[in-house]
Amino acid sequence: FVAGCGNASIAKAYFSKVCIGTSCAKGRKPEQPNQDNFFVVCSDPFVLCCVADGHGKDGHWASHWCARFLVNLVLEEISARESVPSDYTISKIFDVAHKELCAAARSFGFDLQVSGTTLSLVIVDRERKQLLMAWVGDSRCCLGREGKKGRHEVVGESADHKPNDSDERLRIVSNGGEVMLLPGDVPHRVFQRNSDLPGLAMSRAMGDLVAHSVGVIHVPGFLRLQFDKDDVLLCCSDGVWEFIDCRQAVDIVMKFGRKKSAEAAKKLVEQARAKWLEECDEVTDDITAIVMWF
């Protein structure tokens, strides 16, 4: 969506001019629709981007409604203040989005007991060359830059909310939950004591009401960064990050240059998908990538 423009082809042409590219691919999960949602909003001098990666039976509805609520709430705040909101204000916005998601589930009849979504937001102020990352879950965002001798470097990245991190585990256990690594599994998961539910592989999420009853929260993490000309921002679902780290992703994208951001986003998704097929045979996650040059 571009402010004042509702046509997708015009929006993509505009994004190309301002060096923004997006790509979103449904995973090989025949029993589920694509549960990734994203948005990009340009409202000069601000740019907003968001990735929401749903999980569980109704995760696609969780990601859909969270993205819709978030874009309206953040735009309303920015329009009123004409500045990047404070951490406190963004925390309130995430809380309102979570509550509105629960209300939507009651109204439209979808289940949030063991369904929910990540939510990662980046607000860019092009005039002040500042950006804010705010996130719950593991849809990671990172800022890349051309370093010395042509080497690419990661200036900063969001930190995935994992239940085995010490502070996250302490909160979950203190609220009656357990953090366990099951035999043959890769991530640590959150469970109610003496139960096989919810089995959530993150410690913060939107929705996920059973997990919220044992210490999972929707309070976002924050990172504020200054950016320079020719830096690149990536905001992606964990379909990218499962087998590609931030440095590798920045390498892939920066080889294309600022004029080919759409091609770079598509290539990043393609390479992530190929990695999935190498490691998991016939299964791939939904994969979303947003690429933004400064």
What are the pairs, 6+ residues apart or on separate chains, where a residue within the range 234-261 that is under 20 Å from E146 (Cβ atoms) and of a type in the set (F, W, Y) has its Cβ under 8 Å from a residue that is assigned to a helix (DSSP H, G or I) and open to solvent by less than 10 Å² (accessible area, probe 1.4 Å)? F256/A264
Just checking, how many residues over the range 232-256 are farther than 18 Å from C24 by Cβ and in a helix (DSSP H, G or I)? 6
Reported set for the range 186-209 where residues are more than 20 Å from S120 (Cα to Cα) and polar (S, T, N, Q) is Q192, N194, S195
Name the single residue, out of those in the range 161-200 being in contact (Cβ under 8 Å) with a residue 60 or more places away in the chain and part of a loop (DSSP other than H, G, I, E, B), that is nearest to the chain's Cα centre (by Cα). H161
Can we say A274 is touching a residue at least 24 places away in the same chain (Cβ under 8 Å) and either within 30 Å of V96 (Cβ to Cβ) or in a helix (DSSP H, G or I) (or both)? no
Return the pairs, sorted by first residue and then second, in which the second residue is of a type in the set (D, E, K, R) and in a loop (DSSP other than H, G, I, E, B), the first residue lies in the range 137-151 and is on the phi > 0 side of the Ramachandran plot, the beta carbons are less than 9 Å apart, and the residues are 6+ apart or on different chains. G137/D160
Give the number of residues within the range 237-282 that are of a type outside the set (D, E), in contact with an Asp or Glu (Cβ under 8 Å, 6 or more places away or on another chain), closer than 21 Å to D160 by Cα and open to solvent by less than 50 Å² (accessible area, probe 1.4 Å). 7
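The values are calculated or read from the model by the stated rules, or taken from the named source; none is laboratory data. Quick caveat: nothing in here was measured; it's all calculated off a predicted structure. Heads up, the Cβs are rebuilt from the backbone with ideal geometry, glycines too, and the neighbour counts pull from every protein chain shown. Ligands, DNA and RNA are excluded from the accessible area calculation, which covers all protein heavy atoms including side chains. Shrake-Rupley method; radii C 1.70, N 1.55, O 1.52, S 1.80 Å.
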